[in-house]
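Read through the structure below, which is laid out as structure tokens, and then see the notes.
Nothing in this text is a laboratory measurement; each read-out follows from the coordinates by a stated rule. The structure displayed is predicted, hence computed values, not measured ones. Backbone-built Cβ (ideal geometry, glycine too); neighbour counts: all protein chains shown.
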Amino acid sequence: MHYHLDPVGGVAGDMFVAALLDMEPDSTAATLAAIRDSGLDPSVAVSHDDFNDGVLTGSRFTVGKPECTHHHAHWSAIKKNLSDSALSPAVTDRAIAIFADLAEAEAKVHNKAVSDVAFHEVGAWDSIADIVAAAYLIESLGPCTWSIGPIPIGKGRVKTEHGLLPVPAPATVLLLDGFEFIDDGFPGERITPTGAAIIKHLKPSQGIGKTARVLQRSGYGFGTRTFKGMSNILRVLEFSKTTTSSVFSCDTVMVLNFEIDDQTAEELAVGLQKIRERQGVIDVIQSPVMGKKGRLLTSVQVLVRPGNAEDVINVCFHETTTLGIRQQVKARAILNRSELETEQDIRVKIVERPGGITAKADIDNIANIDGHQHRQKRRLDAQSDALTDK
């Protein structure tokens, strides 16, 4: 499945949860149970309710205040509480990952150690409920891809514990570095730090792309603010593949690009091989390019699975002399493929294409055969046998 977020009014943690629960209301009880399993103060009221603003119908996700309020809670304490909670390991890991991104952004903005970051802007209980609910719902959807439309930037100032800050808040700006924003003319804070941390965790492609998809379901999550002439909603759309495009699937990859001008070809080859062997790396491509002052450079492109991107970036810095790496999340279409082994112990890759099935024998399995014609005959025989089996 593929899920597209349409941030008409913006993105906040409660809007994200409300949109997914509006799309899948049967998950409400389990989501609320997960919030309780996180160790949230029992006095905090949490609810998912139908909502109508007079134009559209959707849902609201509401988190109340505890009977005994605290001014703040440190990230280190929140992390320990989540780790010790009754949540499933998968949901715990997602919740901690989202909170960690938020804590790291706040630490950079306020020049603090990450462990000393305190959540007090909306109350730690509010952030915990939103993030745990989001983590549970994301995990419950199973393997899928995400995309998001342009995010409204808003305007003005937002009142915080640190005084008035510009909109978007500095932590939000760090979390969404590289994302597309638009100014739709409506004021105020349109995306909260919690909402931004959830979006960063999803690693969505920007824009739904040109791949044909079939719309399955939709959900509308309302925020608490109201706008004149516009519904304050985050919409989620669920898509499946079209039947005509069933030979391929879609996912997202992180594309890393950098140039090298001061590393020998021999040394660079060793470094790139170490990058190529790293977990999550799909491919490493190098090509000669002309740089400034007419110098010949090596341009390097690394395709890596988003979950492994941070580790691979560190390896790129460690194994090469580059000083900077550009990164971008890209949507990818992949042909369905499989592999079989013939009676002659030759591996053949079978690929489904729109025009039919093709086969290609692995050159490594026929490399020990002398003579091009003999190798070519063995390859064609193996490919023919594989297609016959299909």
Out of Leu141, Ala171, Gln373 - ranked by how far each Cα lies towards the positive end of the dipole of the chain, with unit charges on the beta-carbon of charged residues - the top one is Gln373
Given unit charges at Cβ for Lys, Arg (+) and Asp, Glu (-), the dipole magnitude of the chain about its Cα centre in debye, nearest 20, is 1060
Over all viewing directions the Cα convex hull of region 337-389 casts an average projected area in nm² of 3.6
For region 2-245, averaging the sequence separation of alpha carbon pairs under 8 Å that lie six or more residues apart and dividing by its residue count, the contact order in percent is 34
About its Cα centre, region 131-278 carries a charge dipole, from +1 on Lys and Arg Cβ atoms and -1 on Asp and Glu Cβ atoms, whose size in debye to the nearest 20 is 920
Given the candidates Ile199, Gly185, Ala103, the one whose Cα lies deepest towards the positive end of the charge dipole of region 2-245, counting +1 at each Lys or Arg C-beta and -1 at each Asp or Glu C-beta, is Gly185
Region 1-129, Kirkwood Rh and Cα Rg, ratio Rg/Rh at 0.97
When the charge dipole of the chain is computed with +1 on Lys and Arg Cβ and -1 on Asp and Glu Cβ about the Cα centre, the Cα farthest towards its positive end, among Phe61, Ile131, Thr320, belongs to Thr320
The answer for Gly154, listing residues at least 5 apart or on another chain whose modeled amide H is closer than 5 Å to its amide H, is Asp184
Comparing Asp362, Asp14, Asp177 in a Gaussian network model of the chain (Cα, 10 Å), the one with the largest mean-square fluctuation is Asp362
Residue by residue through region 286-298, the couplings from Karplus 6.51 cos²θ - 1.76 cosθ + 1.60 with θ = phi - 60°, in Hz, x for Gly and Pro, are 10, 8, x, 9, 8, x, 5, 6, x, 7, 7, 10, 10
Hull volume per residue for region 179-302, using the convex hull of the C-alpha atoms, in Å³ is 212
Here the alpha-carbon Rg of region 2-245 over 2.2 N^0.38 Å rounds to 0.97
Fewest-first ordering of Val270, Val173 by Cβ atoms within 10 Å yields Val270, Val173
Once both label points are put 7 Å beyond Cα along the C-beta direction, the Glu267-Leu297 separation in nm becomes 1.8
Least to most buried among Ser47, Ser127, by other C-beta atoms within 10 Å and fewest first, runs Ser47, Ser127
Measuring from its Cα centre, region 1-150 shows a charge dipole (+1 at each Lys and Arg Cβ, -1 at each Asp and Glu Cβ) which, in debye to the nearest 20, is 380
extent check for region 242-388: Cα max minus min per principal axis, descending, whole Å, gives 54, 45, 28
Log10 I(q)/I(0) at q = 0.17 Å⁻¹ for region 249-334, from Debye over equal alpha-carbon scatterers, is -0.66
Most fluctuating of Gln328, Gln344, Gln286 in the GNM of the chain (C-alpha, under 10 Å) is Gln344
